[in-house]
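J.: Can you keep this structure in mind? I'll have questions shortly.
The values are calculated or read from the model by the stated rules, or taken from the named source; none is laboratory data. This is a predicted model, so every value here is computed, not measured. Glycine gets a Cβ as well: all are built from the backbone with ideal geometry, and neighbour counts include every protein chain shown. For accessibility, only protein heavy atoms count, side chains too; no ligands or nucleic acids. Shrake-Rupley method; radii C 1.70, N 1.55, O 1.52, S 1.80 Å.
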Amino acid sequence: MSRAETGTPVARTPSPLWSLGLLRSELATTFRRWRTLALLGVLAAVPVLVGIAVKIETGDGSPAGGGGGGEGPAFIAQVTNNGLFLVFTALAATLPFFLPMAVGVVAGDAIAGEANAGTLRYLLVAPAGRTRLLLTKYATTMVFCLAATLVVALSALAVGALLFPLGDLTTISGTRIGFAEGLGRALLIALAVAASLTGIAALGLFVSTLTNSGIAAMATTVGLLITVQILDQIPQLDALHPYLFSHYWLSFADLMREPVLWDDLTRNLGLQALYAAVFGSAAWARFTAKDINA
Amino acid sequence: MGPYESDDSTTARRRKAARYVVPVAVVGVAAGTIGLVPALADSGSPDLPKITAEQLVQKIAESDVQRLSGTVKITTDLGLPDLGGLEGALGGAGAPGGEGDGSAADPSAKLTELATGTHTLRVAADGPDRQRLSVLEDAAEYSLIHNGKDVWGYDSASNEVFHGTADDAGQHTGESPATPKDFAEQALKAVDDTTSVTVDGTAQVAGRDAYKLLIEPRQSGSTVGAISIAVDAKTGLPLKFTLTPASGGAAVIDAGFTRISYARPDAATFDFTPPKGAKVTEESEAGRPVTPQEEKDLAKGLEETFGKGAAGSEGAKGAEGPEGMKVIGEGWTSVAVLGTGESIPGGIPGGDEVGGDLGGFLDSLGDRVKGDFGSGTVFKTRLINALITDDGTVYAGAVTKEALVKAAESER
């Protein structure tokens, strides 16, 4: 564990309350930013757009998805019959790009943004230590992952309840579950989606420690996201796919099977934990050894 | 450490570099775990009492597993070009009455998709009246549920339902033609004096101890190299079926349980009510024969797709085959002959029938051959080869091109 080595004799071992305070102030700074609010606003708008589009398309009684099967985001065919499915559709629609992009922006900005604004050294003057600051930044990013996912889910639930009927739902295996259990599954799915984003959050944080330009870090993270998504589509790279952080993202849909198929879900969690460990420790190695000039 | 501590800059730099050992170590540990875990999980061959091939075949025949649930992984690599939707369309057209306005939940169209690629299936059974088979897709699932009199097909991607009835509970076996058991039964039908059957050690499949039964054709000219069946040592249920082609390479068919439980599945597993707003197609509306028959056709269709080889002497029972079909030869090298105008197994129409540009395209997929029978085109896959002569006769079987030409010549 390394300190900022400011020579401050007091508070060598800050109390846990202290880092909680740091986390709280970080959260407040992040969520009060206009940029963050705008990102969350865009995310909240996606389910509204999807919901209205489905409503208009099916206004004449034709089923969504064209009946051909499998076009559009997952679950879209069921949305008209049960508004709860809009939650799943919205998450399936935002997970490939909107959600990770928002996380990439927040994570990429975490260290580099402070360095860019010249506030990083002030943060380090406080007797928190670099490791603690980094952990706080990562925790803040994870909270943002969860918040962003919940914003999409809640917005979808609200739109779904307004535009479509709610009630018992049919799992994709064809069995029926009650509305309460359906809500429970929706919450589990939101958690699974949020957990899917921890890998790119760690990656973004690492990139953020490499540069002093917030914009560069965000652009790199989002660029990496797009690159990985493209690589995941190339069949010749089949052997590589299970190690790409986005490969098991859509496994959250397995929570809608009866019984739940855990294989890919656990693989996804393991992969995200691996990315978090590798890039988290790389970020630590870089950040604690870095010359802070700004 | 802090930048202003660098009075001894070499030490400081070394310490900084040392930190990167942590992420590297994490990668190393992860790689080691990924490499080791499957090796440990593959716990080799369990010790089981010796058993003869006859006893093992007997065990399979006597096996009476009524209740099970599990996950089956099936990989088929027939060496067909990946035609995507086109192939599905052809397969659908090959099925009887397939031209009826298709419901996405129609079993015949859906299960033909199993003929290529890798699929994960979930199966559950509770007695002869209640079975279900689900094909797991990305964020969607196709389920075929048989519960008493009803047979439901549900396609979650399109939210469409197919409904049929099983009139005679006995007649509708509901057995999916995709489990290792179905393949094994077909393979065992082929066992005769042209076949060598041996017990090839033991293995662990889906956490169960199993014997491995090895079936090899003795005749030359067959494209089937070997069939390996892993049989549950306790219950006699075939757990894994692997068909390797004589030409070597990856298995043509590899179907095996990855998870199995012999406990009674939850009763709710077999309940199905069409979801609100789902498009329901009744089998009578679809203008087709009833489902039990259709399921049989399906099984047959899959057999045909997967080969007379897997079915072996199936071909020898020509009387049961589609009308107009004749069989030359016996055992593994039997070749089916079909006249003109009949439906063609495998759904590959001859170039002549299609005519025009598409006909030329189809011809370009095969090899032109000449013989006493005139000339024709050989369409090849890794298992099944078919010779379509210019006068429209089709010779098909799990035999090499040479054997096919010879069969066609002997016919004249």
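J.: Step through the residues of segment B:223-228 one at a time and calculate ³J(HN,Hα) from phi using the Karplus curve (6.51 cos²θ - 1.76 cosθ + 1.60, θ = phi - 60°), rounding each to whole Hz and writing x for Gly and Pro.
T.: 7, 7, x, 7, 10, 10
J.: Can you spot the lysines whose alpha carbon is less than 17 Å from B:Lys276's alpha carbon? Ignore those fewer than 8 places along the same chain.
T.: Candidates past the 8-residue exclusion: A:Lys55.
J.: Pop out the ³J(HN,Hα) list for segment A:77-82 in order, Karplus 6.51 cos²θ - 1.76 cosθ + 1.60 with θ = phi - 60°, rounded to Hz; leave Gly and Pro as x.
T.: My calculation for segment A:77-82 gives 5, 8, 4, 5, 8, 8 Hz in order.
J.: With every protein chain left in place, what is the accessible area per residue of segment A:16-288 in square angstrom, probe 1.4 Å?
T.: About 39 Å² of surface per residue is accessible.
J.: Same structure, new question: Run the simple label-point estimate for B:Gln204 and A:Ile56 please: 7 Å along Cα→C-beta, distance reported in nm.
T.: Distance between the two pseudo-spin positions: 5.8 nm.
J.: Could you tell me which helices of chain A pass both thresholds, a Cα extent of 18 Å or more along their own axis and a mean Kyte-Doolittle hydropathy of at least -1.0, with helices taken as whole DSSP H runs?
T.: A:16-32, A:34-57, A:98-117, A:130-163, A:179-196, A:198-210, A:214-231, A:263-288
J.: Name the residues whose placed amide hydrogens come within less than 5 Å of the amide hydrogen of B:Val280, ignoring near sequence neighbours (fewer than 5 apart) on the same chain.
T.: Under 5 Å from the amide H of B:Val280: B:Val161.
J.: What are the residues of segment B:9-24 that lose 40 Å² or more of accessible area, with a 1.4 Å probe, going from their chain alone to all protein chains?
T.: By number: B:Lys16, B:Arg19, B:Tyr20, B:Pro23.
J.: Tell me, in nm to one decimal, what length is gained between B:Ala267 and B:Asp64 on full extension, where the rule is 0.36 nm per residue of separation less the Cα-Cα distance?
T.: 71.1 nm
J.: Quantify, in whole percent, the carbon and sulfur part of the accessible surface of segment A:186-261 (1.4 Å probe; protein heavy atoms only).
T.: Carbon with sulfur: 74 percent of the solvent-accessible area.
J.: Separate question: Evaluate E = 1/(1 + (r/R0)^6) for B:Lys276 and A:Val260, where r is the Cβ-Cβ distance and R0 equals 22 Å; express this FRET efficiency to the nearest 0.05.
T.: Here the calculated transfer efficiency is 0.45.
J.: Also: Which ³J(HN,Hα) values, rounded to whole Hz and listed in residue order, are derived for segment B:376-392 from phi using the Karplus coefficients 6.51, -1.76 and 1.60 in 6.51 cos²θ - 1.76 cosθ + 1.60 with θ = phi - 60°, glycine and proline given as x?
T.: x, 10, 9, 9, 10, 10, 6, 10, 9, 10, 9, 10, 10, 6, 5, 8, x
J.: If I model a spin label at B:Ser247 and B:Val27 as a point 7 Å from the Cα along the Cα→Cβ vector, what separation in nanometres do I get?
T.: For B:Ser247 paired with B:Val27, the spin-label model returns 4.0 nm.
J.: Now, a different point. Give me, ordered by chain and number, the residues 5 or more places off B:Val369 or on other chains with an amide H under 5 Å from its own placed amide H.
T.: B:Gly376, B:Thr377, B:Val378
J.: A follow-up question, please. Check B:Ala190: other-chain or 5+ apart residues with amide H under 5 Å from its amide H, H built from backbone geometry?
T.: The answer is B:Ser313.
J.: So what is the relative contact order for segment A:16-288, in percent, with contacts set as C-alpha pairs under 8 Å and at least six apart?
T.: 24 percent
J.: While we're here: Only protein chains counted, 1.4 angstrom probe. Which residues of segment B:120-148 are at least 20 Å² less accessible in the assembly than when their chain is isolated?
T.: The answer is B:Arg122, B:Arg132, B:Leu136, B:Ala139, B:Glu141.
J.: I'd like the residues of segment A:81-105 whose 1.4 Å-probe accessible area shrinks by no less than 30 Å² going from the isolated chain to the full set of protein chains.
T.: Correct list: A:Asn81.
J.: Going by the alpha-carbon gyration tensor, a ≥ b ≥ c the square roots of its eigenvalues, is segment A:93-151 rounded (a/c under 1.5) or, if a/c is not under 1.5, prolate (a/b greater than b/c) versus oblate?
T.: Prolate.
J.: Something else about it: For chains B and A, what's the summed buried accessible area, probe 1.4 Å, to the nearest 100 square angstrom?
T.: Counting protein atoms only, the buried area is about 3200 Å².
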